[in-house]
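The values are calculated or read from the model by the stated rules, or taken from the named source; none is laboratory data. Every value quoted in this text rests on a predicted model; they were computed, and no experiment measured them. As a convention, Cβ positions derive from the backbone with ideal geometry for all residues, glycine included, and neighbour counts pool all protein chains shown.
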Amino acid sequence: MTTKSAPLTCPGHTRPVVHLEHSERQHDGTYLLLSSCKDSNPMLRDWLGDWMGTFLGHKGAVWSAKLTGGDAARAVTGSADFSAKVWDTYTGEAVHTFSHEHIVRSVAVNASGSTLLTGGHEKKLRLFDLNKPAASAQDAQLFKPFSARADGTTHDGKIRSVVLGRGANGAQNMVVTAADDCHIQWWDLRTLAPVHELVLDQPFVSMDRCAGTFSELITVTTGSDALFFDLATHEVVKKHTLDIAPSSVYLHPTKADRFVAGCINDEWVRVYDYGTGECMELNKGHHGPVHCVSYTPDGEVAASGSEDGTVRLWQVNPGKKYGLWS
């Protein structure tokens, strides 16, 4: 196990950073980084970590923020202020606001920016057609639950994460939700019907979509386990029981030989061997638990967000001239 050099620090947030989202690679080879934070102000950064803008308008913690594909012209956010918003990433203006009856804990958007999904404390999974935006969340389509629930809820617990596939082989029509009821559920976007369900042995912690040279995956953390699922087939590709309680994990997008992990209980960012689950690197720099991690699309940088209110960027190949490490 090795310790890496000091990271680049991206300040600006004033409360814990709870989720990170990298855009797809842009036409010029660069990418964007979107951070969700309890300070209610999601921030957009360029590939070097430099601040580009803050989306102002939410009145509560922003738990989830996602970008569309291509040029990432739109961002979507879900907040504790009982709303989901759609933003123009060029102007920073809110294009649509959808009021909900409770906290919106997670959002997802398709590559073209035509479809928005929301889930949260209402326990309902909602679908919005952004080409014909509804007047409110109550006018949006509801996914059909596994059991016959008259109230339209799709989970018995609060929905904590929503992922929408973008890959081939049917993944672009697959929605995955994770909730406090320990259930991971797969849904068909075309029929709004459930197709598969998995019950975790321990409480759910995090779920993220990983895209790269491999089949599109989702990563799930629960207890000390890091699970890697094929998003389209819902098969478990890999499972590792780690020496920590992981808060978030993300598979390297180009080599798929390692994954980065945050920890619920300490401030270190770790890198594990994907094949063996052995800890390869221990990265120190944060001053609070690490809530979220992600790799850049080219795999050259790992990003982490922490309770300390900062985003930190870690060079995967120290010594290589890259960005501000040149």
TODO: Keeping to segment 220-254, report how many residues are of a type in the set (S, T, N, Q), touching a Pro at 6+ places or on another chain (Cβ under 9 Å) and either farther than 21 Å from Asp266 by Cβ or in a strand (DSSP E or B) (or both).
DONE: 4
TODO: Determine whether Met43 is in contact with a strand residue (DSSP E or B) (Cβ under 9 Å, 6 or more places away or on another chain), surrounded by fewer than 15 Cβ atoms within 10 Å (Cβ to Cβ) and within 19 Å of Leu313 (Cα to Cα).
DONE: no
- [ ] Output the number of residues of segment 273-295 satisfying the condition of being touching a Pro at 6+ places or on another chain (Cβ under 8 Å) and buried (at least 22 other Cβ atoms within 10 Å of the Cβ).
- [x] 3
Open item on the list: Quick check on segment 65-88. Is at least one of its residues under 27 Å from Glu300 (Cα atoms), modelled with pLDDT of 95 or more, of a type in the set (Phe, Trp, Tyr) and touching a Ser or Thr at 6+ places or on another chain (Cβ under 9 Å)?
Closed with: no
- [ ] Collect the residues in segment 120-162 that are outside any loop (DSSP other than H, G, I, E, B) and exposed (fewer than 14 other Cβ atoms within 10 Å of the Cβ), keeping them in residue-number order.
- [x] Asp129, Gln138, Asp139, Gln141
Open item on the list: Show me the strands (runs of 3 or more DSSP E) found entirely inside segment 168-219 where at least 3 residues are crowded, with 20+ Cβ neighbours inside 10 Å and in contact with a Phe, Trp or Tyr (Cβ under 7 Å, 6 or more places away or on another chain).
Closed with: 174-179
Task: Gly165 vs. criteria at pLDDT 95 or above and either touching a Lys or Arg at 6+ places or on another chain (Cβ under 6 Å) or not polar (S, T, N, Q) (or both) - done: yes
